Amino acid sequence: MASNKDILLSELEQVKQKAPHIEGVTLEACLPEIVRVHIYVDDMRQMTAVMQFLETYPTEPIVVELKSKTLTEKLLDGVVKICDAEARKYIGQKQIILMINFLKQFLIDNPLCIVNDEVGKVKKELLSDEDRCKLMQSTSQIVLKIKEEEYYMSYKISVPPDYPAKQVQIEMSENNFPDILKTNFVGQAVEIARQCVQPPLKKKPKDPPFEPKPSLYPVCEHLIQQCVKRYAKENCPLCNDRILPRNPEELGRLDKKKRIERVYCGHLFHYFCLYKFMKTPPFAAGKFCPSCGKQIFHEKFKVSAELAEARWAHKQARQRELAEVVDFLE
Ligand SMILES: [Zn+2]
Ligand SMILES: [Zn+2]
């Protein structure tokens, strides 16, 4: 009967013939002590697998160690565990080629492996128990469903193969937020993603050379914390009442005074509260948001201080006249 060593040697001969024909696989060492292969799917999905054999191999599973310049150690640790479970299915068989193919297929089937650490951070730091995060490996997309009180918003975030050099793409799906907010949520997220990968137009001389940054986490942080979680229960800075009604079904029948206005700084106001605030002096220095102190720019109130002053004075005069008339009639 052939010894385990003989079995291994004949398997290594077979590996030398077969491995070079597997696309993306480079056989770097093929010795009884160690077999080392580099597996390449694309620039982000690549790894080196180091395989070793116990004396009792192949009646014991092959021992696999993984290294990668692009994939995190945490992910690789997880993959090693899967490898071990997989190798146990092949006990008694030639395991090397099976393992190489298994690892290559893992990289092909799991394009989101390149954002493994970011997804972990999103789940840990940004999501609450009611939120959902689903990985769709077949389309390289992450589906988020974020809830706050009675409001919810779903997003599909696509991770391109050349991530992080290219940014994630954001698509909004089901939600019950008012139109004025939801398009803004996505528009800003797209801009945040763009800024992660494109250098600023005006470069400061002391800035270090620009390098693209991963955009998934910043985009999720914005959509989850700065949008859904925040606006679902935001109060008007002027009257301190809720902006969105507790019951989203009431959104369609909001009183004109309670209509939602969004200003430049991102704070929301009731239409009537903002209207009163903008039309009441002082005007000279401009109007500033009571919450954050930023100047309020708003299409509907785009008038100069002088004009606002004149209109206000005119209105006051009209009211005085009316009051005088009322006095006279009494
Ligand atoms: Zn208000
Ligand atoms: Zn503000």
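Read-outs throughout are calculated quantities, based only on the coordinates presented, and are distinct from any laboratory measurement. These numbers were taken from a predicted model, which means no experiment stands behind them. Here the Cβ positions follow ideal geometry from the backbone for every residue, glycine too, while neighbour counts run over all protein chains shown.
Side notes on the structure shown:
- Between 0 and 90°, nearest 10: helix 305-329 axis offset from the chain longest Cα axis: 40 degrees
- The chain - charge dipole about Cα centre, Lys and Arg +1 at Cβ, Asp and Glu -1, debye rounded to 20: 1180 debye
- Comparing His222, Leu135, Phe283 along the charge dipole axis of the chain, the residue lying farthest to the positive side is Phe283, per the Cβ-charge model.
- Site-free segments of the chain were taken between trypsin sites (Lys or Arg not before Pro) in DSSP loops having at most 10 other Cβ atoms within 10 Å, sites themselves excluded; the longest one is 70-201.
- Nearest-ten-degree value, helix 73-89 long axis tilted from longest Cα axis of the chain: 40 degrees
- Distance from the Cα centroid of segment 166-183 to that of segment 46-63 is 47 Å (rounded to whole angstrom).
- Applying 1/(1 + (r/R0)^6) with r as the Cβ-Cβ distance of Phe210 and Phe297 and R0 = 45 angstrom yields a FRET efficiency of 0.95.
- Within the listed set Pro245, Pro290, Pro61, the Gaussian network model of the chain (springs between alpha-carbon atoms below 10 Å) gives the highest mean-square fluctuation for Pro290.
- Scalar couplings 3J(HN,Hα) for segment 5-14, obtained by applying the Karplus form with A = 6.51, B = -1.76, C = 1.60 to θ = phi - 60°, are 4, 4, 4, 5, 4, 6, 5, 4, 4, 5 Hz; x denotes Gly and Pro.
- Percent RCO, i.e. relative contact order, over segment 4-109, from Cα pairs under 8 Å lying at least 6 residues apart: 22 percent
- The lysines within cross-link reach of Lys206, meaning a Cα-to-Cα straight distance under 17 Å and a gap of 8 or more places when in the same chain, come to none at all.
- Seen from a random direction on average, the alpha-carbon convex hull of segment 1-134 projects onto 9.0 square nanometres.
- Ranking Pro58, Leu71, Ile91 by how far each Cα lies toward the positive end of the dipole of segment 4-109 (charges on Cβ) leaves Leu71 at the top.
- Mean-position separation - Cα centroids, segment 97-128 and segment 219-291, in angstrom: 40 Å
- Based on alpha carbons, the Rg and Dmax found for segment 83-226 are 19.1, 64 Å.
- Low-density loop positions, chymotrypsin sites (Phe, Trp or Tyr not before Pro), segment 182-285 - DSSP coil, at most 14 other Cβ in 10 Å: Phe210, Tyr264
- Taking the charge dipole of the chain about its Cα centre, with +1 at Lys and Arg Cβ atoms and -1 at Asp and Glu Cβ atoms, the residue from Asn4, Gln198, Thr183 reaching farthest to the positive side is Thr183.
- From the Kirkwood radius over Cα pairs of the chain, Stokes-Einstein at 37 °C and 0.692 mPa s returns a whole-number translational diffusion coefficient of 131 µm²/s.
- Subset of Lys294/Lys315; Lys166/Lys213; Lys229/Lys294 violating a 19 Å alpha-carbon distance limit: Lys294/Lys315; Lys229/Lys294
- Shape metrics for segment 122-181, restricted to C-alpha atoms - Rg then Dmax, Å: 12.7, 37
- Ellipsoid semi-axes for segment 168-212, based on the Cα gyration tensor and the rule √(5λ), read 31, 11, 5 Å when sorted largest first.
- Taking segment 4-109 as the region of interest, the number of lysine pairs whose Cα atoms are within less than 22 Å, with members eight or more places apart or on different chains, is 20.
- For the chain, the longest principal axis of the alpha carbon atoms and the long axis of helix 96-109 meet at an angle near 10°.
- Amide proton proximity set for Val25, modelled H, under 5 Å, gap of 5+: Tyr40
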